[in-house]
Every structure is written in C-alpha cells, then in structure tokens.
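*Asks:* Below are the structure tokens for one structure; questions will follow.
The values are calculated or read from the model by the stated rules, or taken from the named source; none is laboratory data. Because the structure is a prediction, the values reported are computed rather than measured. Here Cβ is always computed from backbone atoms with ideal geometry, including for glycine, and neighbour counts include all displayed protein chains.
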Amino acid sequence: MTGITGYRRPYFRTQPPYLHPDYQSTVKRSPTRPLVLLPHSLTEVTGPVFGYEDVKPTDGDLTRQHAGEPIGERIIVSGRLLDENSRPVVHALIELWQANAAGRYRHEVDDHNAPLDPNFSGAGRVLTDAEGRYRFVTVKPGAYPWRNHYNAWRPAHLHLSIFGIGLAQRIVTQMYFPGDPLIPYDPMFSSIPDEKARERLVSSFDWETTRPDQALGFRFDIVLRGRDATPTESTRS
Amino acid sequence: MSLLTTASQTVGPYVGIGFAALCVEELAPEGVSGERITLTGRVTDGDGKPVNDAAVEIWQANAAGKYAHPEDAQDKAVEARFRGYGRSLTRADGGFRFATIKPGCVPAPGGGLQAPHIAVTVFMRGLLRHLATRVYFPGDPANAEDPVLRLVPEERRATLIARPAGGKGAFEWNIRLQGTDETVFFDL
C-alpha cells in the first residue's frame, strides 16, 4: 500500500495547555504525566466519514426547529473549513451548540436564572460543501455567569465541533463575537498563549453575508492541521 | 505560507446538547462480521471522582483490519453497515459503554502490523484540548510487537489494555485523568 503522510504538529504556543489554573476545572482533569508522542499511522490519518444520512439540510438552521421563532438577534455564521495548506476540507461534519439569547442552555445542569426559550434547542450540524464552505442560521447567544471566580461571566460564544479527514484533525473550539467586552477577562480564551492564535477565535462582522431585513452575518474560518509535505515512511500490510 | 491552525477550546459542561444527536453506542448492527464485544468503563478525575460530563469517542477498523475511509488502500472489503465510529456521553457514575466488534490488525508505519486497538478521544469540561488514547485487548499475542505500545514505558502499558469483565466478549477499561495509574495519553 502507499505511504502514510502524517499531519503536522501544531505550532508552538498556538494551542492551550492542559493545565491552566485560571480555569479551575483543569486542575483535577488535566493529565500530569507527559503525553507520549505518537507517529501517525493509518489509524490517525483516517477517521469517521459522515454524510447526508447524518445531517439533514435543515439541521443548519437553529431558528426553524420549533413551531415558532426563537427570541433574539438572528445571525448567519459562515466561513470556510481549510487546512494549513489552504486546501478546503470538503463534506466534513461541523456540530454547533450554544446558549439561547438570554444566556441559558437547554441542559439540566444549567441553573442560571435566565429564561429558556421554548422555540430554541441550541444545537445544529452541517456538512461543508465542495469548496469547504459552511453556514448556520441561529440567534446570537447571551453572555452568562459561571462559578470559576468571583463575578465570572463567559463572553458570548458558539461551540463548534469539527471532524476533518483524519482523526489527527479532530478539534472542538469556541467562536467569539467581535467587540465583546468580556473577552479579555475570559480564562478559556486567555489560555491560548499566542496572541494571533487567540484572536483567530473572534469572528468578524461580514457585510457580504448579512441579509437585508433579516440577519447579521458573521464570518469564521476554521483551519485544521495540514499534511506533512512528504510521506516519511512507507507502510505495507 | 501556511495558515494558523484554529485553537482548541473546551467543550464545557453542556456538551451533551451538541453531541447527543450523533451518539452511537451500538456500532455493529446485525450482519456485521467479527467477534462481538462490549467495552465499558468509567472516567475519573484527580480525586477519583466520576466525571459525569465527558464525551468519549472511538474509531476502529472492522474485523478484517480495514477502516471505512478512502485513505485505507488495503485490498480488503469495507462493510456497508460498519462505520467504525462511536460516541458515548458519560453517566452520573462516569460510565460510558460501547457494543462493537473486535477490530483486526491494521498496518503499522514502516511495515508490520499494529495489534487490534480502538482509538479513543476524550472531551470534557476542564479539558481545553481533547485527550487521545487507545485501548488494546488482553492476551492478544500481537500486543508484544505493537509499535505504539512499545513507545509507552512498560510500567504504564497496562493502562492501555482492557480487562475481561466477565461474560463473553465483555471488556472493562477505565480512563483515569490523574494519579498513580493515570491513563497514558498520546500527543497525536
């Protein structure tokens, strides 16, 4: 069989550490032993393949999952899924979940005293198209308090889970909104050492995708790890 | 000039909302070939407390050692009803569960074979990046030659090998985030 071309390792300081005491939950949940470096094999360059049996065309519109429309500012979140080599990652699965416009999740653990919205579940999923593009319609989530430290509030954010081509590209991230005054106080955002990598998690307002009389557009491109230039070792079965 | 990779962020405590729709605990419907197994375990934190808000994902080859993926160029058949993907959300006791088939051996880089294994990805509140590990099968003669197990210090290898749980094809394998028997996690 042909050689295995692995994925590049992330650049120094562009990913958060496991232990980040400012975010208290990391203290008892981060590994204490060094990770074992794993050269990529067929297991890591392959990964689950999803298709339209998993994702209905309507799953990308979170404002149309109930009889009525959710309360809140309607937004369109779109962008491209690329790898580090600027190649589009096509037909890939992106899952989204979020709080409602009042900052409350439809989840039994969320006891924030903000209202639930009967017309908003807060979850959706899409597949990227043949150019790696994706698009969600939803409402802008509210900020909400959490118990990490005194008077702690999470900035408004969307959770995005992405399956690339291979297991080594799997990532879950959060998208933030431009100009949110809570961002500099957020220990999750601040956990990323490199400033450019941090700022990349903030979406930008996008006039092009804003729809008149309907919804503001926000653009968020997602970049997955790219392939090494050349296969390093051949693999034979 | 290469683009900057998007940074990871935690799934947070409400991951269930986003992950529920594509949870798959039964990977192998009737007709899929291979030895039927169940893989159950618990996720525990540095205090030994159950982690009840984790998501555990698995990825594996079929019984012939073939991945259902276009980059697996081996001359072996994929099975239409076996994708090899699973996802389980942990319960109040930190427990997760999969019912699947034992995978076959897959090629190793540089020649040779890897022992039967399942790749595991773990997400939870408190993990700013997910964790990657693997589970192997007890008593499998291929374990001794597995190139990944050999990368792991001998005294820690046992954390990657499931235990017979009683009952045919039943295996138990726990994920310990910290402590003396901390699970081996990989830089993947």
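*Asks:* Among the residues of region B:46-55 satisfying the criterion of being assigned to a loop (DSSP other than H, G, I, E, B) and closer than 14 Å to B:Phe123 by Cβ, which is farthest from the other protein chains (Cβ to nearest Cβ)? Before you say what the answer is, go through the steps one by one.
*Replies:* If we filter region B:46-55 for residues that are assigned to a loop (DSSP other than H, G, I, E, B), which is where we start, we get B:46-49, B:51-53.
If we keep only those that are closer than 14 Å to B:Phe123 by Cβ too, we end up with B:51-53.
Working: B:Val51: 7, B:Asn52: 9, B:Asp53: 7 Å.
It comes out as B:Asn52.
*Asks:* Still on this structure: Would region B:20-36 turn up any residue that is within 30 Å of A:Arg200 (Cα to Cα), free of Cβ contacts under 8 Å to residues at least 12 places away in the same chain and within 12 Å of chain A (Cβ to nearest Cβ)?
*Replies:* Yes; the residues of region B:20-36 include at least one that is within 30 Å of A:Arg200 (Cα to Cα), free of Cβ contacts under 8 Å to residues at least 12 places away in the same chain and within 12 Å of chain A (Cβ to nearest Cβ).
*Asks:* Test each condition in (1) among the small types (Gly, Ala, Ser); (2) in contact (Cβ under 8 Å) with a residue 60 or more places away in the chain; (3) within 12 Å of A:Leu224 (Cα to Cα) for A:Ser86 and report the one that comes out false.
*Replies:* Just one mismatch for A:Ser86, condition (2).
*Asks:* Are there any pairs, at least 6 apart or on different chains, whose C-beta atoms fall under 6 Å, with the first in region B:144-170 and within 19 Å of B:Ile37 (Cβ to Cβ) and the second among the small types (Gly, Ala, Ser), and if so, which?
*Replies:* Every condition considered, the pairs that remain are B:Asp146/B:Ala115.
*Asks:* Can you find, within region B:1-16, the residue that is farthest from the other protein chains (Cβ to nearest Cβ) among those that are surrounded by fewer than 22 Cβ atoms within 10 Å (Cβ to Cβ) and aliphatic (A, V, I, L, M)?
*Replies:* B:Met1
*Asks:* Then there's this: Which of (1) under 22 Å from B:Val24 (Cβ atoms); (2) surrounded by fewer than 21 Cβ atoms within 10 Å (Cβ to Cβ); (3) modelled with pLDDT of 95 or more; (4) not acidic (Asp, Glu) does A:Ala114 not meet, given it meets every other one?
*Replies:* The one condition A:Ala114 does not meet is (1).
*Asks:* Name the residue, out of B:Gly110, B:Gly104, that is more than 8 Å from chain A (Cβ to nearest Cβ) and small (Gly, Ala, Ser).
*Replies:* Of B:Gly110, B:Gly104, the one residue that is more than 8 Å from chain A (Cβ to nearest Cβ) and small (Gly, Ala, Ser) is B:Gly104.
*Asks:* Could you grab me the full set of residues in region A:22-76 that are aliphatic (A, V, I, L, M) and either within 28 Å of A:Tyr134 (Cα to Cα) or more than 10 Å from chain B (Cβ to nearest Cβ) (or both)?
*Replies:* Selection gives A:Leu42, A:Val45, A:Val49, A:Val55, A:Leu62, A:Ala67, A:Ile71, A:Ile75, A:Ile76.
*Asks:* Also: Return the only residue of B:Ala21, B:Ala28 being more than 18 Å from the chain's Cα centre (by Cα) and outside any strand (DSSP E or B). Walk me through it before giving the result.
*Replies:* Working: B:Ala28 fails: more than 18 Å from the chain's Cα centre (by Cα).
The unique qualifying residue is B:Ala21.
*Asks:* Consider region B:89-121. How many of its residues are under 30 Å from A:Leu201 (Cβ atoms) and surrounded by fewer than 23 Cβ atoms within 10 Å (Cβ to Cβ)?
*Replies:* Residues in region B:89-121 being under 30 Å from A:Leu201 (Cβ atoms) and surrounded by fewer than 23 Cβ atoms within 10 Å (Cβ to Cβ): 3 in total.
*Asks:* In region A:136-194, how many are more than 22 Å from B:Phe19 (Cβ to Cβ), more than 10 Å from chain B (Cβ to nearest Cβ) and outside any loop (DSSP other than H, G, I, E, B)?
*Replies:* Qualifying residue count, region A:136-194: 7.
*Asks:* Tell me, please, whether a residue that is more than 8 Å from chain A (Cβ to nearest Cβ) and over 30 Å from B:Glu30 (Cβ atoms) can be found in region B:123-144.
*Replies:* Yes, the conditions are met somewhere in region B:123-144.
*Asks:* Residue by residue through region A:112-128, note down the ones that are of a type outside the set (Gly, Ala, Ser), in contact (Cβ under 8 Å) with a residue 40 or more places away in the chain and assigned to a loop (DSSP other than H, G, I, E, B).
*Replies:* Passing the criteria: A:Asp117, A:Pro118, A:Asn119, A:Phe120, A:Thr128.
*Asks:* Just give me the residues in region A:21-74 being among the charged types (D, E, K, R), crowded, with 21+ Cβ neighbours inside 10 Å and assigned to a loop (DSSP other than H, G, I, E, B), in sequence order. Let's see the steps before the verdict.
*Replies:* The first filter runs over region A:21-74 and keeps only residues among the charged types (D, E, K, R), leaving A:22, A:28-29, A:33, A:44, A:53-54, A:56, A:59, A:61, A:64, A:69, A:73-74.
Subsequent filtering for residues that are crowded, with 21+ Cβ neighbours inside 10 Å retains A:29, A:44.
Across region A:21-74, the qualifying residue is only A:Arg29.
*Asks:* Right, something else. Is there a residue being within 16 Å of the chain's Cα centre (by Cα) and touching a residue at least 40 places away in the same chain (Cβ under 8 Å) anywhere in region A:141-152?
*Replies:* So far as region A:141-152 goes, yes, one or more of its residues are within 16 Å of the chain's Cα centre (by Cα) and touching a residue at least 40 places away in the same chain (Cβ under 8 Å).
*Asks:* I'd like the full set of residues that are more than 11 Å from B:His117 (Cα to Cα) and at the interface with chain A (Cβ under 9 Å from one of its Cβ atoms), limited to region B:56-69.
*Replies:* Answer for region B:56-69, where residues must be more than 11 Å from B:His117 (Cα to Cα) and at the interface with chain A (Cβ under 9 Å from one of its Cβ atoms): B:Glu57, B:Tyr67, B:Ala68, B:His69.
*Asks:* Here's something else I'd like to know. Suppose the filter is among the polar types (S, T, N, Q), outside any strand (DSSP E or B) and within 24 Å of A:Thr46 (Cβ to Cβ); does B:Asn62 pass it?
*Replies:* Against the criterion (among the polar types (S, T, N, Q), outside any strand (DSSP E or B) and within 24 Å of A:Thr46 (Cβ to Cβ)), B:Asn62 qualifies.
*Asks:* Condition first: in contact with a Leu (Cβ under 7 Å, 6 or more places away or on another chain) and crowded, with 21+ Cβ neighbours inside 10 Å. Can you find one or more residues in region A:102-110 that meet it? Steps first, please.
*Replies:* Taking region A:102-110 first, the residues in contact with a Leu (Cβ under 7 Å, 6 or more places away or on another chain) are A:104, A:106.
Subset that is crowded, with 21+ Cβ neighbours inside 10 Å: A:104.
Among the residues of region A:102-110, at least one is in contact with a Leu (Cβ under 7 Å, 6 or more places away or on another chain) and crowded, with 21+ Cβ neighbours inside 10 Å, which makes the answer yes.
*Asks:* Shifting gears a bit: Within 14 Å of chain B (Cβ to nearest Cβ), in a strand (DSSP E or B) and either surrounded by 15 or more Cβ atoms within 10 Å (Cβ to Cβ) or free of Cβ contacts under 8 Å to residues at least 60 places away in the same chain (or both) - does that describe any residue in region A:213-221? Please lay out each step first, then the result.
*Replies:* Pass one, region A:213-221, residues within 14 Å of chain B (Cβ to nearest Cβ): A:219-221.
Now drop any that are not in a strand (DSSP E or B), which leaves A:219.
After this cut, where a residue has to be either surrounded by 15 or more Cβ atoms within 10 Å (Cβ to Cβ) or free of Cβ contacts under 8 Å to residues at least 60 places away in the same chain (or both) as well, the list is A:219.
The answer is yes; a qualifying residue exists.
*Asks:* Would you pick out the residues in region A:1-56 that are over 29 Å from B:Glu71 (Cβ atoms), among the basic types (Lys, Arg) and touching a residue at least 40 places away in the same chain (Cβ under 8 Å)?
*Replies:* A:Arg13
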